[in-house]
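For reference, the structure discussed in these notes is given below.
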Amino acid sequence: MNTVVQSDLLSGHEHTRTGLSQAALKQAFIDNLFYLQGRFPEVATPHDFYMAAAYTLRDRLLDRWVKTARSYKHSQARTVCYLSAEFLLGPHLVNNLINLGIMDTARAAGEELGLDLDAIVQEEEEPGLGNGGLGRLAACYLDSLATLEIPAIGYGIRYEFGIFDQTIENGWQVEHTDAWLRNGNPWEIYRPKLRFPVKFGGHTQQYDDDGHLRIRWIPDLVIEGRAYDTPILGYGVNNANLLRLWSAHATQSFNFQSFNTGDYYGAVRAKVEAETISKILYPNDEPEAGKELRLKQQYFFVSCSLQDMLRLQFNTTGSVEKFHEKYSVQLNDTHPAVAVAELMRLLIDDYKMTWDPAWEITRHTFGYTNHTLLPEALETWSVELFGRILPRPLEIVYEINRCFLDEVRMRFLGDESRVARMSIIDETQGRRVRMAHLATVGSFAVNGVAAMHSELVKSTILKDFHDLWPEKFHNVTNGVTPRRFIVAANPRLATLLTERLGSDAWVRDLSLLRSLEAHADDTGLHADWQAVKTAAKEDLSNWLGKHAGVTPDPASLFDVQAKRIHEYKRQHLNVLHIVTLYQRLKANPHLDLPPRTFIFGGKAAPGYFMAKLIIKLINSVAEVINRDPQINGTLRVAFMPDFSVKNGQRLYPAADLSEQISLAGKEASGTGNMKFSMNGALTIGTLDGANVEIREEVGDENFFLFGLTAEQAQRHQAQGYRPWEFRHESEELRSALDLIDSGLFSHGDKELFRPLTNSLIQYDPFMVLADYEHYVSRQSEVGHAWRDREHWNRMSILNVARMGKFSSDRSIRDYCEQIWKVQPAPADV
Ligand SMILES: *Cc1c(COP(=O)(O)O)cnc(C)c1O
C-alpha cells in the first residue's frame, strides 16, 4: 500500500522498488531504512545505511531475476551449472551499482541525504567463501556468465565461517574466525521449500523391486540441505543469474525419532553434528588428517545440487532422460568430483534407470577443470574413509572403475602397469580414491587453466588419459572481470579510459582497449596516466599508514606481491632481493637506488609452518629496514594484513611492479598477474602459468622475464638439484642468507629462520637459489627502467592496452564454444 502511494508521488509513476531514478533510489533507501532496519536517518548507524542501500539494490536485482527466469524458461536454453566448493565473491554493493549502471545516480541520491556513498560501501563485510585464486575465479565467472546472458547457476556451500581473518602480531600471522553472517546478509534469500536429504554412513542392501534387482542405501545419518539464493546481475544487461549455496541442517524426522525414544540431548547433539557440515571453509595446504568433514562437505553440496537439477528437469519434462541436453555441469577442480558417482546413484537408485543409459547421461554431463599439478594438492581419499561415509557412492565408483579398466585393457593389450596407473583406485599407498581420475573418466571434457598448464596436464599428470582420449582435452585460459578489477577497484583509471576511448564499451569488450596503443606516446595521456597511478598510491599509502604502521612515499616504486603465502610462489625469493639491496646500501650509502616500497599481502594456511615463517621473516626484515636511519626511506617494506578481495582492490591500482615469481611449472595460471597488469603494473615474472600468455600479449619488451623454464627446472630436479652450489658461487647470495642467519632480523635469535634458510640451501623443491641471480639482475633493470618515467608510462599504457584477452568474458566465451555448447538467452525487460 505504502509503496504504491509513494510511487504515485514520484515523477513518471516510477516504482520505488524497481525505479532507477535518483528520486526513486532516495525514496527506496529511506523506506528500507525505516521498514527493514527500523531506523530513521538521525539515529541510524553506518551499518544501517549500508543495509538500507543493499536492500534497495536487491529489490532491483530481484525484478530482473524474475524476468530472467521467465526468459530462460521460455527459451528452453541449455543451462550451465558451475559446481565449486568455493566462491570468493568480494563485496556485492559496488558491483551491483556498476552493473546496474547507477553509480552516479546513487551517489547523487546519497548526497541529497547528506550521505557519502563510499563510506556506505566500506561497511560491507565480504563473503570470504574461498581461499584464493580458485574461488575468486568462480566469482569472476559468475559475473561474466550473467554479462554474456548465459543461463547459469552457481552451486556451492554457505559456510558459516569463511576464510579466517588475519592480523599480524609481533610479526606473526594470527587467525581470527570470520563471522561474516553476524550482522545479517542482505543479498541472500532463504528458500524454505528447497530442501534435500543427504545420506551419510550406514550400509547398502539389495532388494527386489517388481522383478528388478535394486540397491537401497540405509544410512545412519540423513542431513538436510537448505538453499540460500543470491542474485548475480550482469553488466549492462537485464540477466540476473543465481548463486545457490547450501546450508546443512538436521532433518526434522531425525529429531523426531530421538524424541520418541526420549533422547532429547541426543537429538540436540545430532542437530549440532549435522550443522557442522557447512560450518567452516577449510584453508588450503592443510595436512590430510582430520579431513573427514571435508569429504562430507563435498558430497553434501554436490548431492543437493544434483537433486535440485534433476527435480527441475523431471518437473519440466516428466523424465530425466535428456538431463545432459539440458545441463552442462562444470567441476571446478576435483572438490565436486564425487558428482560423477552421485549422478549415477541418483539416476539408478532414485530414478530407477539401468547402468548403461545412466552412464551415457553422466559422461555427457560433466566437464572437469584441473587447477594444479602439485602432487601434494591432488586430492585422494582413503577407500576406508570414503566407504565408511559414502558406502553406496563407493560401490558405484568401483563399478565405474571396473568398466573403465576393461576399456583400457582392450585398448592397450597386456599393459597392466598402465591399468594400475590409470585406475581410479590407487593401490600403491594404501588404497585411495583418486578424485582427478574419477573426474576425468566421468567427464566429456577436461581443461587446464592456461596454455602451458593445459600442455603439462596432457604430458604429465593425465598423460595416460590423453593417450586414450586426446579429443577430451582442452585449454581455457583464466580471466578476471574488468567490472570489479578495473571499474570498481580503480574508478579513476576507468574514467580516464572511457574519456580517451570516447566510450565505455571497453567494459563489456576489453579488447577495445587496444586502441590505446595509438596514444602510447601521447604526453597528455602520460600525465593523466601518472596522476591516476599516483592518486591510487596515495590512497593505499594512507590505508597502510592506518593498518600496517607504514606510510610509504607515493613517489617511490610500489613493488607488490599479493597472493597466498606458499613456498612455490616464492615470497622468500622477493625477500632475498630486499636483503641484497639492503646490504648494497649498507656497504655503499651513496649508492644511487631509486626509492622502492615492497608491499606484501597474503594468508598462510594455519598449519603450514614454513609459510607462517615467511610472513614472520617479511615483517622482521621490514622492522629492521624501515627504522634504519642509514636507509633513510630508500627502501621500505610493508605487510598488508588480511589480504582479501576488498583489500586486493586497494592494492592492484597502486602497484607499479607486479611480482609473479613462482618456479616455472608450478603455478597453473594465476589471476593476480592479470589484475595487476590490467591496472598498469609491469610484471617481473617467470615463464609460468598465464605469465607466458601475458608476456606474449604485452610484448617481451614490456615484461621483465627471468628464471628457469619448466623444462630446465625439471631437468635440474632429475639430475639432482644442488642448491648449496648456487650459494657457494654467489657472494651476494651467501651474505644475504648469512645475514638472515646472523640474527639481525630476529633480535639476535640465530635459530628462528634456520628452518627456512636450511631448506633453501639443502633441498628446496622450488629452487629459489637457482633463480636468485637472474632475478636480482632483472630487478636492477626494473630500477633503471623506473628512472625513465616516459618510457615506464609507455610500457604501462601498453600493458593495459593489450590485456583484452584476460577478461573473464573471453574465458567464458571459450567455455561456451569449446565445452558447454550453450547460447546466450537475453532476458526481456
Ligand atoms: C586474485 C586473487 C587471488 C589469486 O592470486 P594469484 O596471484 O593468482 O595467486 C588470491 N586471493 C585474492 C583475494 C584474489 O583476489
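The values are calculated or read from the model by the stated rules, or taken from the named source; none is laboratory data. Keep in mind that what you see is a predicted model, and the values were worked out from it rather than measured. Here the Cβ is made from the backbone with ideal geometry for all residues, glycine too, and neighbour counts use every protein chain on show.
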Among helices (runs of 4 or more DSSP H) entirely within the range 729-829, at least 3 residues that are within 31 Å of the chain's Cα centre (by Cα) and not basic (Lys, Arg) occur in 754-762, 768-787, 789-801, 808-814
Just give me the residues in the range 122-137 being outside any loop (DSSP other than H, G, I, E, B) and either within 12 Å of the ligand (Cβ to nearest atom) or crowded, with 24+ Cβ neighbours inside 10 Å (or both), in sequence order.
-> 128, 129, 133, 134, 135, 136, 137
Restricting attention to strands (runs of 3 or more DSSP E) lying wholly within the range 549-667, give those where 3 or more residues are free of Cβ contacts under 8 Å to residues at least 60 places away in the same chain and closer than 23 Å to residue 493 by Cα.
-> 596-601
Failed item in (1) under 19 Å from residue 240 (Cα atoms); (2) more than 12 Å from the ligand (Cβ to nearest atom), with residue 140 passing the rest | (2)
Looking at (1) over 15 Å from residue 559 (Cβ atoms); (2) crowded, with 24+ Cβ neighbours inside 10 Å; (3) more than 8 Å from the ligand (Cβ to nearest atom), can you tell me which one residue 667 breaks?
-> (3)
Cross-chain or 6+ apart pairs with Cβ under 9 Å, the range 84-102 first and within 11 Å of residue 645 (Cβ to Cβ), then in a loop (DSSP other than H, G, I, E, B) and of a type in the set (S, T, N, Q) = 88/131; 88/644; 90/644; 95/481
Any chance the range 158-169 includes a residue that's hydrophobic (A, V, I, L, M, F, W, C), away from the ligand (no atom under 15 Å from the Cβ), in contact (Cβ under 8 Å) with a residue 24 or more places away in the chain and part of a strand (DSSP E or B)?
-> yes
Mind listing whichever residues of the range 649-664 are closer than 16 Å to residue 545 by Cα and either more than 10 Å from the ligand (Cβ to nearest atom) or not aliphatic (A, V, I, L, M) (or both)?
-> 650, 654
Looking at the range 568-585, is at least one residue over 18 Å from residue 745 (Cα atoms), more than 16 Å from the ligand (Cβ to nearest atom), among the polar types (S, T, N, Q) and in the same structural domain as residue 672 (by TED's automatic domain parsing)?
-> no
Residue count, the range 435-455, condition part of a helix (DSSP H, G or I), surrounded by fewer than 19 Cβ atoms within 10 Å (Cβ to Cβ) and touching a residue at least 24 places away in the same chain (Cβ under 8 Å), comes to 1
Does the range 673-688 include one or more residues that are outside any loop (DSSP other than H, G, I, E, B) and more than 16 Å from the ligand (Cβ to nearest atom)?
-> no
So which residues in the range 346-388 are surrounded by 24 or more Cβ atoms within 10 Å (Cβ to Cβ) and touching an Asp or Glu at 6+ places or on another chain (Cβ under 9 Å), if there are any at all?
-> 368, 369, 370
Consider only pairs whose beta carbons are under 8 Å apart and that are at least six residues apart or on different chains; among these, list those whose first residue lies in the range 783-796 and is over 15 Å from residue 555 (Cα atoms) and whose second residue is assigned to a helix (DSSP H, G or I) and basic (Lys, Arg).
-> 796/533
In the range 479-507, what residues are touching a Phe, Trp or Tyr at 6+ places or on another chain (Cβ under 8 Å), touching a residue at least 40 places away in the same chain (Cβ under 8 Å) and under 22 Å from residue 798 (Cβ atoms)?
-> 479, 480, 482, 485, 489, 490, 497, 507
